[in-house]
1. Where residues in region 6-41 are hydrophobic (A, V, I, L, M, F, W, C), in a loop (DSSP other than H, G, I, E, B) and under 22 Å from Glu90 (Cα atoms), which of them is modelled with the highest pLDDT?
2. Within region 87-112, which residues are of a type in the set (A, V, I, L, M, F, W, C) and either part of a loop (DSSP other than H, G, I, E, B) or at pLDDT below 95 (or both)?
3. Can you tell me which residue within region 124-141, out of those that are within 14 Å of the chain's Cα centre (by Cα) and open to solvent by 40 Å² or more (accessible area, probe 1.4 Å), is modelled with the lowest pLDDT?
4. Where residues in region 76-86 are part of a strand (DSSP E or B) and under 16 Å from Asp155 (Cα atoms), which of them is most open to solvent (accessible area, probe 1.4 Å)?
5. Going by the conditions given, is Gly69 in contact with a His (Cβ under 6 Å, 6 or more places away or on another chain) and either modelled with pLDDT under 90 or open to solvent by less than 80 Å² (accessible area, probe 1.4 Å) (or both)?
Amino acid sequence: MALSPPPPIRVLRSHAAQINAVSLSTLDLEGKTNERLYTGDADGLVVITSTRTFRALASWKAHGNGLLGVQEWEDSVISHGRDNKLHVWERVVAPISVADMAGPELSTTGPTLRYSLDVNALNFCRFSLLPETTDGEESHALVAVPNLVDSALVDIWRIPESQRLHAAIGTSAGPKIADPWVSGEGPGKTGEFPLY
């Protein structure tokens, strides 16, 4: 007989639509990790929830369609939507104490949009982020997204410059892998020797 699942410790009720994207914060301004939970849903809503109080800090309509991914990066929040956009938002500053959150302080207007990239979202693949090491100046990161023309290929962008460094990684220009089904060496043959 199967065991029943344990009861939840907390239930977060910030979304009306299904949640498609979840991530935890990285290092915050005070040097703490995992202080925020970022969630995105099928309606394009992003909610930032405090992992200390389990209350929403901010909620805004980030995309016209559903979200594929949401992630914190330095002092920014990156969201990738089914509307073929990758948005980079200004990171929401949290209230200093729980007492500051006592009233209806939830931000529904959302943070300031810093910049956007036109990307492909037809294959349901979210972006992948690789922060580059900083030398004390402005932070940079590499973002991998599906190619604008062919979803099977990858484009690499550098942000915040919004510069595409590599386009169509994975093209078929390289050597092809032999396919025994196409070459006639499928079941029943091994090279020139028939097996039947």
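The values are calculated or read from the model by the stated rules, or taken from the named source; none is laboratory data. Note that the structure is predicted; figures quoted are calculated from it, not measured. Quick reminder, even Gly has a Cβ in these numbers, built from the backbone with ideal geometry, and neighbours come from all protein chains shown. The protein model used for the area step is the full one, side chains on, heavy atoms only, and it has no ligands, DNA or RNA in it. Shrake-Rupley method; radii C 1.70, N 1.55, O 1.52, S 1.80 Å.
1. First, the residues of region 6-41 that are hydrophobic (A, V, I, L, M, F, W, C): 9, 11-12, 16-17, 19, 21-22, 24, 27, 29, 37.
With the extra rule that they be in a loop (DSSP other than H, G, I, E, B), the set shrinks to 9, 11-12, 16-17, 27, 29.
Checking which are under 22 Å from Glu90 (Cα atoms) leaves us with 27, 29.
Details: Leu27: 64, Leu29: 60.
If we take residues in region 6-41 being hydrophobic (A, V, I, L, M, F, W, C), in a loop (DSSP other than H, G, I, E, B) and under 22 Å from Glu90 (Cα atoms), then Leu27 is modelled with the highest pLDDT.
2. Hits for region 87-112 are Val92, Val93, Ala94, Ile96, Val98, Ala99, Met101, Ala102, Leu106.
3. Looking at the filtered set, the residue picked out is Phe124.
4. The extreme case among them is Lys85.
5. Answer is yes for this residue.
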